[in-house]
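Can you keep this structure in mind? I'll have questions shortly.
The values are calculated or read from the model by the stated rules, or taken from the named source; none is laboratory data. All values reported here derive from a predicted model rather than from experimental measurement. For neighbour counting, all protein chains shown are included, and Cβ atoms are generated from backbone atoms with ideal geometry for every residue, glycine included. With ligands, DNA and RNA removed, areas are computed over all heavy atoms of the protein, side chains included. Shrake-Rupley method; radii C 1.70, N 1.55, O 1.52, S 1.80 Å.
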Amino acid sequence: MSAAPSRRRVAVLISGRGSNMTSLIAAAKDPSFPAEIALVLSNRPEAPGLATARENGITTVAIDHKHHLSREDFERAMQEVLEAHGIELVCLAGFMRILTAWFVERWTGRMINIHPALLPLYRGLHTHERALADGVKLHGASVHFVVPGMDEGPIIAQAAVPVLDGDTADTLGARVLAQEHVIYPLALGLLAGGRLTIEGARVRVSGEAAQTSALVAPQVA
Ligand code: GRF
């Protein structure tokens, strides 16, 4: 009997409810998924996602950034924990701290983030409000490699959703979030499976590519 291929050890970094974290945990329950969620780390001890992770039997650590004198100090504490748990890949999932180049460079090519917009549009906060204010017909989510610039970095996967006439930031955000939960596990699986190559700003995916058609909104008869 051949040994099962080893799975990459992943830490998910959160600050809040952790619904994307939950989608990664669910995907990793499949033994054929090339990553295991070995650790969930939060900068907020009260983050609801920590309890969800524990309910799923996952080790959690809270490192309160307010207890550290500087950003670097806080990041050194995180780095120590990640190393102590043998972490190989990091997923930011609603982690609301800006990371310094010191930390980001330690994880180059091994740290990814989910952003609720079709990058490079709407970097930063309040993406759904800004998309509605601009009147765009398509909005969505992106998973990208983390580089020192906020919400920059080569894009791995994106999902687009239509903006509907009656949308509020909440209804649009919920439509986007449902797709976040699809593309984040997809992107982590590709990364952990060794299928991604960064070429400048582009990410190439090896293996079979699905042939997809254009997504057009609005879809009128
Ligand atoms: C998500 O919208 C994600 O795109 C953004 O922060 C939010 C986190 O939500 N980076 P959750 O904690 O994963 O539910």
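Positive end of the dipole of segment 1-107, charges at C-beta (+1 Lys, Arg; -1 Asp, Glu), about the Cα centre: which of PHE33, ALA11, TRP102 has its Cα farthest in that direction?
Ranked along the dipole, the leading option is PHE33.
Counting heavy atoms of the protein chains only and a 1.4 Å probe, report the per residue accessible area for the chain as a whole number of Å².
Computed with neighbouring chains in place, this is 52 Å² per residue.
Another question, then. Identify, among ALA201, LEU215, ALA157, the residue whose Cα sits farthest towards the positive end of the charge dipole of segment 115-221, taking +1 on the Cβ of Lys and Arg and -1 on the Cβ of Asp and Glu, with the dipole about the Cα centre.
The Cα lying farthest towards the positive end belongs to ALA201.
Here's something else I'd like to know. Determine Rg/Rh for segment 115-221; Rg is computed over alpha-carbon atoms and Rh is the Kirkwood hydrodynamic estimate from the same atoms.
Radius of gyration relative to Kirkwood radius: 0.98.
Counting pairs of alpha carbon atoms under 8 Å apart in space and at least six apart in sequence, what relative contact order in percent does the chain give?
18
According to the Cα gyration tensor, what semi-axes, each the square root of 5 times an eigenvalue, does the equivalent ellipsoid of segment 1-107 have, listed from largest to smallest in whole Å?
24, 16, 11
Can you give the Rg to Rh ratio for the chain, taking only C-alpha atoms and Rh from Kirkwood?
0.97
Using only DSSP helix segments of four residues or longer, with each worth -39500 (n - 2.57), what per-residue ellipticity at 222 nm results for the chain after dividing by its residue count and rounding to 500?
-10000 deg cm²/dmol
How much of the accessible area of segment 1-107, probe 1.4 Å, is carbon plus sulfur, in whole percent?
C and S atoms contribute 53 percent here.
In degrees, nearest 10, range 0 to 90: what is the angle between the Cα axis of helix 71-84 and the longest Cα principal axis of the chain?
Between the helix axis and the principal axis of the chain, the angle is about 70 degrees.
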